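Please treat every number below as a calculation from the coordinates, not as lab data. Just so we're clear, the structure is a prediction, and the values are computed from it rather than from any experiment. In this analysis, Cβ positions are derived from the backbone assuming ideal geometry, glycine residues included, and neighbour counts consider all displayed protein chains.
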Amino acid sequence: MDIGVGQDGAQPYRQAASEVLAGLGTDAQRGLPAEEARRRLSRHGRNELAGEKPVPAWRKFLAQFQDTLVILLLAAALISATLWLLERDAALPYEAMAILAVVLLNALMGYFQQARAERAVAALRQMSAAQARVIRDGAQRGIPAAELVPGDLILVEEGDTIPADARVVHSATLQAAEATLTGESLPVPKQAEALMAEAGLGDRANMIFSGTAVTYGHGRAVVTATGMHTEMGRIAGMLASAPEERTPLQRELDRVGRMLGMIVIAIAVVMVGTILLVEDIHGARAIFDVLILGVALAVAAVPEGLPAVVTAVLSIGVQRMARRKAIVRHLAAVETLGSADVIASDKTGTLTRNEMTVRRVVTASGNVELEGAGYAPQGGIRQVEGGAVEGSLRTELLRTLLAAERANNAVLQKVEDGRWTVQGDPTEGALIVAARKAGLEGEALEARFPRIGEVPFSSERKLMSTLHRDAERQNCLTAFTKGAPDVLLERCTHELVGEDTRPLSAGRRAAIMSANEELAGQALRTLGIAFRLLPQDMAAQHHPDTALEQGLVFLGLVGMIDPPREEVKLAVARARSASIRPIMITGDHPRTAVAIARELGIAQDGGVVTGAELQAMPDDALSRTVREVSVYARVNPEHKLRIVRTLQGHGATMAMTGDGVNDAPALKAADIGVAMGITGTDVSKEAADIVLADDNFATIVAAVEEGRAIFANIRKFLRYLLSSNIGEVMTMFFGVLLADLIGLTALAQGGVALPLLATQILWINLVTDGAPALALGMDPVDAGTMSRPPRPRGESVVTYRMWAGIFFVGAVMAAGTLLMLDMSLPGGMIEGSGDLRYGQTMAFTTLTLFQLFNVLNARSDEESAFRNLFTNHWLWAAILFSMALHAAVIYLPLLQQAFSTVPLSPGDWLSCVAAASSVLWLRELSKLLGRARPARSPR
């Protein structure tokens, strides 16, 4: 038996209830026999969502060592340790230990930032109902929801969480809140009648779905799907099967790592091979020296601190974004958000408040606008045309809102954190809030109009009425009625005008319906409000019937909507100015979606594509559509996923926002998933990369700005680290090639003399590079960050222009360092008088100072280093810290021995500073020429 499709291939919602019951072998009155239920439980399994096998902590930790750069560093550490074992030239393998320390630090930082495993399916399981009421063997009983089987007859009522997908058999004004599954902002009335046409998830009015909630009425339904076969289970399956996408930064760093690896191997092989072939190398010691040279070149080429600095800077970015109410769950998401060029947002609860709000009330004497949004009973009341609400218009407004407040089962309350919430139907809650804005207090209304009866809402009548005593009129009762305006108007014979009731003319009926159409055209949900005075003997009816819904006096029309957040319109405009395209993807009604999109500035043309249209649209047509259309309505989770992937296929970097279960697959598939922290479900939060603590769309734009700033800072320290390491490689490479010219060969004593020792290079990489690089990652946000377009998806983190600057700076550093080495040694181009240790110390100090001057260059490829020179106090602290550490290496005896250095005189320092500062002046000149070049080019 197929639990989701009938025997004729039709979906249950397209079959009569009797056919579904027959197909499932269920008696409409007695339900399933207990024995049959046990057999089905064994066959179909428990009504639970399959959980993912948890990843052990040790595997999460080992995953931190998968990047190419990290593998390269581990290989360098292994080679260094092997050489130490063979040579034993030091008490401990310091080089290998230092490299491993950096790798371990990076792994620990990444592990603690990303240790939270994906718990999306676990969160889905927590949403499932714990208990269910079923009819088995003709008796009603409570059972664990996990034991439900297809064919079970279940009973649901207001406040219940629905335990499985089921076809409604009987509905007594049953309504369900399905926003978390479909995006529909209003509770959906449920019916038992079959639907003739194909319908999307949000339009299946005779189906109830696992994990949603009953907000009104009660009913009976037959279970059609359990566990992973439910709509909730289908989403869980989509989440589990969605691949983990690597972020652009991760991919780029991996590419840089592979490139550096090839450069290291090529340089090491060429240099070692050339020396072995050209030089007269004899003995194991000389061969070991050549191999040490290979390790030194590897150390020089690989920025050991890069993975750790990237992780640290992203972690700092996480803290900065947290202060702006954006909680980052996955570390690499910080950079990705900064490169987003499309923000695909759900409507309900993300762009809007998910709080129905009365905006307009139309009565015989005028049109009133209510200010304020959401459930907080705050906001003014004025005429749409302007002016105060007084006289007849005020009387009509108060009577209309009084009736709406009384014909109502919702409860408005203020919770501990100061927020206002509604228990019950959001539409009814909005009516209570409107009455409070008009000055109508609940206690006073209850004292005057205590309820004595109710005619509940039904989808057939489209009306609800309540019967009340009137403490001020002892001889009569008052009935208040609300419902669909067209249906209600047919039951009305009179209309309230000021204090009087007047017969409804044909002209007034037409005017009322015209006003209703005008409100509906603004995407407002409309309700008609009416009342009737009844004789006292009606009080004997404990259960009033629909007879009282005749001869009514029409009071007015109420128009309401789930309003957009006030700050979102500005945020959308700011996103557009940053060349970010906002689009709306919602399960709500197309007309509502278009109205909200227009109001927020997301779409001006009113174009909208529905889920049904998407379903029938081939891939090539969708590919064209996503370029032009910015509003998608009545969509299912699969549609959201398809839109996201199509946009990604066009090269877009997607940020997807949402708060419901239905958003979770798209959140996970997008380049960056952003969930709502207050209204969002656990499922959406676990599927997302970033959670907004204040549910504020504007926070997304602020987070994008922060992400861009963080990415700019990543480029700064990449520019700094790579140029510094290229300088080291060139120094080592050309130092060996030009050893005769600069006087190194004469001091080799039968071996290979190096411009710098491997330990000295490692010290520069780990300490001198480390602190300034980290400080660069803390540069403040540039004022023009959001005036520039996002980085193209295919653009490398390190661009060709950056590479040009990196090699230019590296060449200057290598030339200056080797020149200082030559000046310090006898026998070179410039005659010196020092020994090899002195010359290496001078070269070591010059290269260190080169890098400290270079850190100022690295702040921009275009702007002068002197612009905003002192805005980053951490940078200057890092420079001073690095200088202090280097001085310790030069002057402390223990460190002198470890790093083979000698003390330098003030004159030596002055020479090193003069040489090293050249990188700043030459780079300033190249930037000046670069800025001037476009100005001279023809326009």
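Net charge in the neighbourhood of VAL631 (other residues with Cβ under 10 Å of its Cβ; Lys, Arg +1, Asp, Glu -1) is +1. Taking label positions 7 Å along the Cα-Cβ direction at both GLU157 and ALA888, the computed distance is 7.4 nm, reported to one decimal. Taking only the C-alpha atoms of the stretch 392-438, the Rg (one decimal) and the largest Cα-Cα distance, Dmax (whole number), read 11.7, 39 Å.
Please give the residues of the stretch 574-592, grouped as numeric ranges, whose backbone N is less than 20 Å from a label point set 7 Å along the Cα-to-Cβ vector of ARG324. Under 20 Å, as judged by backbone N against the label point of ARG324, lie 574-583 of the stretch 574-592. Rounded to 0.05, the FRET efficiency of the ARG30 and LEU533 pair, given R0 = 45 Å and the Cβ-Cβ distance, is 0.45. The stretch between LEU741 and ARG591, if pulled fully straight at 0.36 nm per residue, gains 46.0 nm over its current Cα-Cα span. Take the Cα of GLN131, step 7 Å toward its Cβ, do the same at SER577, and the gap between the two points is 5.6 nm.
Please work out the Cα convex hull volume for the stretch 474-519 and give it in Å³ per residue. Please report the intermediate quantities before stating the final value.
Working: hull volume 4.9 nm³, N = 46.
Measuring per residue, one finds 106 Å³ for the Cα hull of the stretch 474-519.
Distance from the alpha carbon centroid of the stretch 157-172 to that of the stretch 558-613 works out to 32 angstrom.
Straight-distance candidates among the lysines for linking to LYS414, with alpha-carbon spacing under 29 Å and chain neighbours fewer than 8 residues away dropped: LYS325, LYS347, LYS437, LYS482, LYS569, LYS685. Between SER392 and ASP605, full extension at 0.36 nm per residue minus the direct alpha carbon distance yields a gain of 72.7 nm. The Kirkwood radius of the stretch 357-559, taken over pairs of alpha-carbon atoms, gives through the Stokes-Einstein law at 20 °C and 1.002 mPa s a diffusion coefficient of 126 µm² s⁻¹. The charge dipole of the stretch 357-559, taken about its Cα centre with unit charges on the Cβ of Lys, Arg, Asp and Glu (plus for the first two, minus for the last two), comes to roughly 100 debye.
Test of the criteria: in the stretch 834-939, which GluC sites (Glu not before Pro) are in a DSSP loop and have at most 13 other Cβ atoms within 10 angstrom of their Cβ?
Hits after loop and neighbour filter: GLU862, GLU863.
A simple spin-label model places pseudo-atoms 7 Å from Cα toward Cβ; at ARG801 and ASP619 they are separated by 3.6 nm.
With R₀ set to 56 Å, the beta-carbon distance separating GLU371 from ARG59 gives a calculated FRET efficiency near 0.50.
Which net charge results for the neighbourhood of VAL691, defined as the other residues with beta-carbon distances under 9 angstrom from its beta-carbon, given Lys and Arg at +1 and Asp and Glu at -1? Around VAL691, the charge tally is +1. Loop-located GluC sites (Glu not before Pro) across the stretch 329-406 with a Cβ neighbour count of 10 or fewer within 10 Å are GLU385, GLU390, with loop assigned by DSSP. Averaging the Cα positions of each part gives two centres, and for the stretch 696-722 and the stretch 759-814 these lie 13 Å apart.
If you take the square roots of the eigenvalues of the alpha-carbon gyration tensor of the stretch 164-236 and sort them as a ≥ b ≥ c, do you get rounded (a/c under 1.5), prolate (a/b over b/c) or oblate?
Verdict is rounded for the stretch 164-236.
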